[in-house]
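To start, the structure under review is shown below, and the notes come after it.
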């Protein structure tokens, strides 16, 4: 049907545009945050894009339902604004027909969100956690920033570099203080770089053209040695893997567990694809506007509905996790309220008497 293809095309175009805008905004904010972490020396620069990619994947499970919701709202809002909806209604195409058109698209989006929520997001969260574990186990100079002192967790190693090259590989004016085996070493050099032994995997700071000071000044054992190249081995932190949150656990683990917190997380993952259905259904009556109101007239109300709906799901998840309500009721009451709101809006849009007459006709009472 020509009208079906027309609406599909408009909705798809709007969906792609809204999704791209939301993702780009998220990537920009995350990239700035990661740059701040690099500047503070909390993460190495070479981990930025990996973490950014994984965090974007995790974000998609929230942005796709919202984008689809807004795409339907904006598509039908434009049809109302341009009086195309009036022309379609005059041709006998009513809200029920448009709802059928929307519900034909919904299964595709539901399947995408279900895969993201049940499988992709836990995988991405686990990979992200593994990267942070790797950073925690990395050498004491990982994430080094120019002009900042870095101290080892045991206080036996202090490292300072005045400047770094543009690629971050060459260090300028390097200072190292090491206390090992009861001896105090102080080294300084004009330049240096990091080196990883390919056989053992050990990390070294290789210092070029500098001096090594051993012992305490004024004592007989005090030594000053000039060197052309000197390598200092940096021991890695012995840290246990960070405790995983429920978001990174596989869905099968949540399913097999009887823990209320795991049950809440499982219901949340199932609720994400379910939310696509109810958001799509309520977007149609919310998009209705008069020609002079503009295509964005109901956007504020629609955003408010989305915020209330998502917050109610969060509250329901917390209630299940804290065992304040039974898992049987769980988060499903939120979706039931949303369904009631959809039915009420559709009845209000088409008229109570018209719907009553349609029910009587189907029951053979009229």
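When the residues of the stretch 296-322 are filtered to those that are farther than 17 Å from residue 281 by Cβ and more than 27 Å from the chain's Cα centre (by Cα), the one that is surrounded by the fewest Cβ atoms within 10 Å (Cβ to Cβ) is 296. Scanning the stretch 333-355 turns up at least one residue that is at pLDDT below 70, over 25 Å from residue 77 (Cβ atoms) and more than 29 Å from the chain's Cα centre (by Cα). Just one of (1) surrounded by 15 or more Cβ atoms within 10 Å (Cβ to Cβ); (2) not in a loop (DSSP other than H, G, I, E, B) fails for residue 43. It is (2).
Confirm whether residue 127 is modelled with pLDDT of 85 or more, over 24 Å from the mean Cα position of the chain (by Cα) and part of a helix (DSSP H, G or I). Spell out how you get there, then give the answer.
Numbers: modelled with pLDDT of 85 or more: yes; over 24 Å from the mean Cα position of the chain (by Cα): no; part of a helix (DSSP H, G or I): yes.
So residue 127 does not fit the description; no.
Of 51, 12, 22, all but one fail to be in the same structural domain as residue 124 (by TED's automatic domain parsing), modelled with pLDDT of 90 or more and either closer than 21 Å to residue 275 by Cβ or in contact with a strand residue (DSSP E or B) (Cβ under 9 Å, 6 or more places away or on another chain) (or both); the exception is 22.
Please tell me if residue 65 is closer than 21 Å to residue 298 by Cα, surrounded by 13 or more Cβ atoms within 10 Å (Cβ to Cβ) and modelled with pLDDT of 90 or more. Don't jump to the end; show me each part of the working.
On the way: closer than 21 Å to residue 298 by Cα: yes; surrounded by 13 or more Cβ atoms within 10 Å (Cβ to Cβ): yes; modelled with pLDDT of 90 or more: yes.
Against the criterion (closer than 21 Å to residue 298 by Cα, surrounded by 13 or more Cβ atoms within 10 Å (Cβ to Cβ) and modelled with pLDDT of 90 or more), residue 65 qualifies.
The values are calculated or read from the model by the stated rules, or taken from the named source; none is laboratory data. Remember, it's a predicted structure, so these values are computed and weren't measured experimentally. So basically every Cβ, Gly included, is an ideal-geometry build from the backbone, and we count neighbours across all protein chains shown.
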